[in-house]
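Only one structure is covered here, and it is reproduced in the block below.
The values are calculated or read from the model by the stated rules, or taken from the named source; none is laboratory data. Here the structure is a predicted model, which is why all the values come from computation and not from measurement. Note that each Cβ is placed from the backbone with ideal geometry, even for glycine, and that neighbours are counted across all protein chains shown.
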Amino acid sequence: MHVALGTDGDPGLVEAAEQAGVAFVTISGQSGIDAGVRAAFLSRRTAGIGLVPQLQAAVTEPFHLATQLASLDHASGGRGGWLVGADDDPGRFAAVGQPALTGNDLSAEVGDVIDVARLLWDSWEDDAIVRDTTTGRFLDADRVHHVNFTGARFTIAGPLITPRPPQGQLPVVGADTLGVTARLDVALIDATTVDEITGRAVRARRNGAALVFAEVTGPPPDLLDRLAGVVDGVLLHAVTGADLPAAVAAIGPLPPARTIPRGTPARATPRETPDRGGQEGNPVRGTLREVLGLARPANRHATAGL
Amino acid sequence: MLHLGVFFTGVGPQLIWTAPDFADHTHIDTFVATARTLERGLFDAFFLGEGLRVRENRGRVFDLDVAGRPDAITQLAALAAVTSKIGLVATQNTTYNYPADLAHRLASLDVLSGGRAGWNIVTTDNAWTGENFRHGGWLAHERRYQRAAAFVETAKALWAGETVDRHDDLIDVTARLDVTARPVLFQAGDSDGGRELAARHADVVFSANTAFDKAVAYAADLTERLARHGRTRDELRILPGAQVVLGDTPAAAREKADWILREQITGPRAIAFLEQYWGKDPSGYDPDGPLPDIEPADGELDPSRGTLSIEHRTGKLERIAAWRARGLSIRELVVDVQPRHNVFVGTPGQIADEWARYLRSGAVDGFNIVPQLLPGTVEDVVDKLVPALQDRGLYRTAYTGSTLREHLELPS
């Protein structure tokens, strides 16, 4: 099983999680620092762990959100993800001068924001930058697309200002209670009994979630043994750096790691082997999609055989 | 002392992507290498530009110039982790951001970087850009600086730890931040509204007035405006944008500058420049031949090719008539009229002497260098021009502070 860790972005805890072989950390905004900005900072302090900030879908500009996450993926060499925030606290809406949304209206808005983020991440095809000196063309304009998205509450023309993220699509992580399970790469189930987790995991898979994780608070209790085969991983909360190695060992095997060799020069690397950031001594484990066993999606605009 | 920054635009014709050693300007490694080189050169600041829609040419993505840039604050937060001194300045728009959200992100960058964040405040009224945002093109042209001023006041109050509860037709926010911060405020607009915003709020102006006489006049104007707001010239740093072309001899520098200009104004780019004014396809015309004999389309310029300066928003037909009277080829005309940052061409000693003259005049406090070559311009400036400036006692030989405010010698 995969192990993920819920954090507020504390660098010491994130580095401990990386050393312990945690697949990804989620980053809340509870420290007072914006979770996306914190994740970007951590992208160059780590090299082998996924960085999944919680960004609120309904109270940010969807275009900025998609750009920020794509940029995180570029900065981290393909280790970015998005924990979908769907807070219905009226204070969050008042901060941006928007009418508060709850229930089905909020679910619909969150779904629209996920949809447009995914469209924007595909708005540049992988080979859109051609640098053709014979024609003078930097871009192939046929491979950079408007998205022309119309949602219930906003429209976006696109394309993104940022080239396609290294992972193609960042893994989208969110609770199975948001009403957007079909759009998630990782559905999170927050429940305390094996029976309830099992039932909701079956439903989440049926609804289209690629992976299902159980959220567990504190050091992993015995129930973890009984979750094997039920969920694909666990998202641990309230585990300290000191308790992490034991917790990870109790849950599952680590993905294979190599270490950034000492003396690695800080120089440009070709696109095929993205620099994943980090300092000497950091373990390297591939992109977050690779670690989770998720294929890199083809671009929806890519034309087969051309 | 001279203060230096580099402005990494990320779009437009200035950056020469055809150079054989072009460093991929969208790759994180290029940003990391640039920031580290500038830190080695004891620069005050590394700036990122912003444009919230990919440039187009009559409805199609414009394909001749570099394009593709990251979210500025995200990228600078990554750079904060691998640098320790250099200031990190994000250009961010006041029209298509929420004040509490942007203030929070800038404060986060300031905290994580240890006081090295800056915000280059820009505005737009451009509805075409607005098509990427919830509000769309909501702000009338003449109100964009009112919104900017209200936005900056809101951000400053939030950074000071105050609760902001403001609801009018420019700002609608009830918020409080959990962190306090004080990013350095940059301002780049040259219109009357832009200058007023600078005089009221800016710590630094990224000025377009680089030619010596214009720089002197601009400084005099700003000094008067500052006084009206109870501020003095010493509370503001003036850093005009500048291109730099260095050579070992004056002739070598001139030769390189000519090459750079030829690469920047290629035949296809010259044609595309005219297309923006004609509003029709002039691709059948020879860039080294006379201007098109077809009549331009009605209507003023389309903003989708990038921000238009105030004087180019109207009077298109009169401008084209004047161009025709000059008898130049398409390319010669575009070389002459396409707006670009002032170019300083010479040996390191020549440019250092010229910048000493600027500094003595009091009109500028330094320059924001806009590279044409990556990594060439940045490495040349750090390895050749910086030592020449140091030899003349015009430039620091070590960082003495750790925050951007300290580097700029701004009042604490």
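Mind checking which strands (runs of 3 or more DSSP E) fall wholly inside the stretch B:140-214 and carry at least 2 residues that are modelled with pLDDT of 95 or more and under 26 Å from the mean Cα position of the chain (by Cα)?
Once the strands (runs of 3 or more DSSP E) in the stretch B:140-214 are filtered for at least 2 residues that are modelled with pLDDT of 95 or more and under 26 Å from the mean Cα position of the chain (by Cα), what remains is B:184-187, B:204-207.
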Give the residues of the stretch B:246-278 that are assigned to a loop (DSSP other than H, G, I, E, B) and surrounded by fewer than 16 Cβ atoms within 10 Å (Cβ to Cβ), sorted by residue number. B:248, B:249
Could you check, for the stretch B:154-170, whether at least one of its residues is buried (at least 17 other Cβ atoms within 10 Å of the Cβ) and more than 14 Å from every other protein chain (Cβ to nearest Cβ)? no
Of the candidates B:240, B:303, the one satisfying the condition of being closer than 24 Å to residue B:357 by Cβ and buried (at least 19 other Cβ atoms within 10 Å of the Cβ) is B:240
Number of positions in the stretch B:115-129 that are within 11 Å of chain A (Cβ to nearest Cβ) and at pLDDT 95 or above: 1
So residue B:301 fits all but one of (1) within 28 Å of residue B:51 (Cβ to Cβ); (2) part of a helix (DSSP H, G or I); what number is the exception? (2)
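Please enumerate the residues belonging to the stretch B:299-334 that are at positive phi and at pLDDT below 80.
At the first step, the residues of the stretch B:299-334 found to be at positive phi are B:299, B:306, B:315, B:327.
Once the filter is applied, which keeps residues that are at positive phi and at pLDDT below 80, the stretch B:299-334 yields only B:306.
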Qualifying residues in the stretch A:221-242 (those that are in contact with a Leu (Cβ under 7 Å, 6 or more places away or on another chain) and assigned to a loop (DSSP other than H, G, I, E, B)) - the one nearest to residue A:14 (Cα to Cα): A:241
Taking residue B:254, is it within 30 Å of residue A:136 (Cβ to Cβ) and free of Cβ contacts under 8 Å to residues at least 12 places away in the same chain? no
Checked the stretch A:53-87 for anything more than 11 Å from chain B (Cβ to nearest Cβ) and outside any loop (DSSP other than H, G, I, E, B); matches are A:54, A:82, A:83, A:84, A:85
Selected residue (criterion: nearest to the chain's Cα centre (by Cα)) from residues of the stretch A:112-143 that are more than 7 Å from every other protein chain (Cβ to nearest Cβ) and polar (S, T, N, Q): A:123
Among the numbered criteria (1) within 30 Å of residue B:2 (Cα to Cα); (2) within 11 Å of chain A (Cβ to nearest Cβ); (3) touching a Lys or Arg at 6+ places or on another chain (Cβ under 6 Å), which single criterion is violated by residue B:49? (3)
Looking at (1) buried (at least 24 other Cβ atoms within 10 Å of the Cβ); (2) within 14 Å of chain B (Cβ to nearest Cβ), which is the only condition residue A:146 fails? (1)
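If we scan the stretch B:24-32, do we find a residue that is among the β-branched types (Val, Ile, Thr), more than 30 Å from residue B:398 (Cβ to Cβ), more than 20 Å from the chain's Cα centre (by Cα) and facing another protein chain (nearest Cβ under 10 Å)? Write out each step before concluding.
The first filter runs over the stretch B:24-32 and keeps only residues among the β-branched types (Val, Ile, Thr), leaving B:26, B:28, B:30, B:32.
Checking the rest, the ones that are also more than 30 Å from residue B:398 (Cβ to Cβ) come to B:26.
Going one step further and asking which of them are more than 20 Å from the chain's Cα centre (by Cα), we end up with none.
Checked against the condition, which is being among the β-branched types (Val, Ile, Thr), more than 30 Å from residue B:398 (Cβ to Cβ), more than 20 Å from the chain's Cα centre (by Cα) and facing another protein chain (nearest Cβ under 10 Å), the stretch B:24-32 yields no hits at all.
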Filtering the stretch A:166-218 for residues that are in contact (Cβ under 8 Å) with a residue 60 or more places away in the chain, farther than 30 Å from residue A:125 by Cα and crowded, with 22+ Cβ neighbours inside 10 Å leaves a count of 1
Just to be sure, is residue A:115 in a helix (DSSP H, G or I), surrounded by fewer than 17 Cβ atoms within 10 Å (Cβ to Cβ) and touching a residue at least 40 places away in the same chain (Cβ under 8 Å)? yes
I'm told residue B:143 meets every condition in (1) at the interface with chain A (Cβ under 10 Å from one of its Cβ atoms); (2) closer than 22 Å to residue B:193 by Cα; (3) surrounded by fewer than 24 Cβ atoms within 10 Å (Cβ to Cβ) except one. Can you identify the failing condition by its number? (1)
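Would a scan of the stretch B:71-80 turn up a residue that is facing chain A (nearest Cβ under 7 Å), at pLDDT 95 or above and over 19 Å from residue A:65 (Cα atoms)? Steps first, answer last, please.
Of the stretch B:71-80, the ones facing chain A (nearest Cβ under 7 Å) are B:71, B:73-75, B:77-78, B:80.
Next, from what is left, pick out any that are at pLDDT 95 or above: B:71, B:73-75, B:77-78, B:80.
If we keep only those that are over 19 Å from residue A:65 (Cα atoms) as well, we get B:80.
Yes, the stretch B:71-80 contains at least one residue that is facing chain A (nearest Cβ under 7 Å), at pLDDT 95 or above and over 19 Å from residue A:65 (Cα atoms).
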Examine the stretch A:87-104 for a residue that is under 26 Å from residue B:50 (Cα atoms) and of a type in the set (Ser, Thr, Tyr), and state whether such a residue exists. no
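Taking the residues in the stretch B:57-78 that are among the charged types (D, E, K, R) and more than 20 Å from the chain's Cα centre (by Cα) as candidates, determine which candidate is surrounded by the most Cβ atoms within 10 Å (Cβ to Cβ).
In the first step, residues of the stretch B:57-78 are kept if they are among the charged types (D, E, K, R); the result is B:58, B:60, B:63, B:65, B:69, B:71.
Still in the running and more than 20 Å from the chain's Cα centre (by Cα): B:58, B:60, B:63.
Details: B:58: 15, B:60: 12, B:63: 24.
Checked the stretch B:57-78; the qualifying residue surrounded by the most Cβ atoms within 10 Å (Cβ to Cβ) is B:63.
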Give the residue that is modelled with the lowest pLDDT, with candidates limited to residues of the stretch B:336-353 that are among the polar types (S, T, N, Q) and not in a helix (DSSP H, G or I). B:338
Number of the exception - residue A:156 against (1) in contact with a Leu (Cβ under 9 Å, 6 or more places away or on another chain); (2) under 30 Å from residue A:290 (Cα atoms): (2)
Count of residues meeting criterion [more than 14 Å from chain B (Cβ to nearest Cβ) and assigned to a strand (DSSP E or B)] in the stretch A:1-52: 11
